[in-house]
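Novice: Take this structure first; my questions come after.
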Amino acid sequence: MIKLKKNWSIIILIIASISIATALTAEYIYNILPCKMCIYQRFSYYGLIIISIIYILLKKQKHISYFLLVELLLALGLFFSLWHVGIENNFIEGPSGCTNSLKNISNVGDLKEYILNKPIVSCNAINWTFIGISFAIYNSLLQFLLLITNSMFIIKKND
């Protein structure tokens, strides 16, 4: 556990970089277009990459502020990934213009507005899976595991 904590900033940097590289590869090489929620889920990884690089360069990666910032970004990422899972499974609604829903259309003007402002990819359409599980679920699991591990480092601050 001590070795893991000592190298946590490098581990976070690698995991976040692989996550972003995977998403960008899917988008730009395999043409799997992201929805609005997919884009939101990337923000925490970008933040993790930036703060990890900064703290590594400053040689402060074991400072409590690093772990607290990582905690905040992972909690934010977990929030968006769970929200996306809820949208995909029609448990909750997404942000405006994120789901394919015509229930607020009452006239031709509203329909035109809906069509013109509709995202390319609907957030409630699962368009990227592996062994039948959406990548929003995989992302939720990854963020949760990282959050739990990081929380343990904050609680056991004496190492």
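Novice: Just to be sure I understand the filter: pairs with C-beta atoms under 6 Å, separated by 6 or more residues or on different chains, first member in the stretch 137-149 and in contact (Cβ under 8 Å) with a residue 60 or more places away in the chain and assigned to a helix (DSSP H, G or I), second member open to solvent by less than 70 Å² (accessible area, probe 1.4 Å) and not aliphatic (A, V, I, L, M). Which pairs pass?
Specialist: Final answer for the pair search is Asn139/Gln41; Asn139/Ser81; Ser140/Ser81; Gln143/Gly77; Gln143/Ser81.
Yes/no matrix, rows are residues, columns are (1) modelled with pLDDT of 90 or more; (2) under 28 Å from Tyr30 (Cα atoms); (3) under 13 Å from the mean Cα position of the chain (by Cα):
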| position | (1), (2), (3) |
| --- | --- |
| Phe67 | yes, no, no |
| Asn100 | no, yes, no |
| Cys123 | no, yes, no |
| Ile126 | no, yes, no |
| Leu141 | yes, yes, yes |
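Novice: Does the stretch 75-97 hold any residues that are assigned to a loop (DSSP other than H, G, I, E, B) and not β-branched (Val, Ile, Thr), and which are they?
Specialist: We begin by selecting, within the stretch 75-97, every residue assigned to a loop (DSSP other than H, G, I, E, B); these are 89-97.
Within the stretch 75-97, Asn89, Asn90, Phe91, Glu93, Gly94, Pro95, Ser96, Gly97 qualify.
Novice: Sticking with this structure for a sec: What tally of residues in the stretch 52-74 results from selecting those that are touching a residue at least 60 places away in the same chain (Cβ under 8 Å) and either of a type in the set (Ser, Thr, Tyr) or in a loop (DSSP other than H, G, I, E, B) (or both)? Reasoning before the result, please.
Specialist: Residues of the stretch 52-74 that are touching a residue at least 60 places away in the same chain (Cβ under 8 Å), as a first pass: 64, 67-68, 70-71, 74.
Restricting the remaining residues to those that are either of a type in the set (Ser, Thr, Tyr) or in a loop (DSSP other than H, G, I, E, B) (or both) gives none.
Result for the stretch 52-74: 0.
Novice: I need the full set of residues from the stretch 52-82 which are surrounded by fewer than 21 Cβ atoms within 10 Å (Cβ to Cβ), among the β-branched types (Val, Ile, Thr) and in contact with a helix residue (DSSP H, G or I) (Cβ under 6 Å, 6 or more places away or on another chain), in order please.
Specialist: Answer for the stretch 52-82, where residues must be surrounded by fewer than 21 Cβ atoms within 10 Å (Cβ to Cβ), among the β-branched types (Val, Ile, Thr) and in contact with a helix residue (DSSP H, G or I) (Cβ under 6 Å, 6 or more places away or on another chain): just Ile56.
Novice: Further, regarding this structure: Show the residue pairs meeting these rules: Cβ distance below 6 Å; 6+ apart or different chains; first residue within the stretch 30-51 and closer than 15 Å to Leu142 by Cα and modelled with pLDDT under 95; second residue outside any loop (DSSP other than H, G, I, E, B) and among the polar types (S, T, N, Q).
Specialist: Every condition considered, the pairs that remain are Gln41/Ser81; Gln41/Asn139.
The values are calculated or read from the model by the stated rules, or taken from the named source; none is laboratory data. Everything quoted here is computed from the prediction, not taken from an experiment. Every residue, glycine as well, gets a Cβ built from its backbone with ideal geometry; the counts of neighbours run over all protein chains shown. All accessible areas refer to the heavy atoms of the entire protein, side chains included, with ligands and DNA or RNA removed. Shrake-Rupley method; radii C 1.70, N 1.55, O 1.52, S 1.80 Å.
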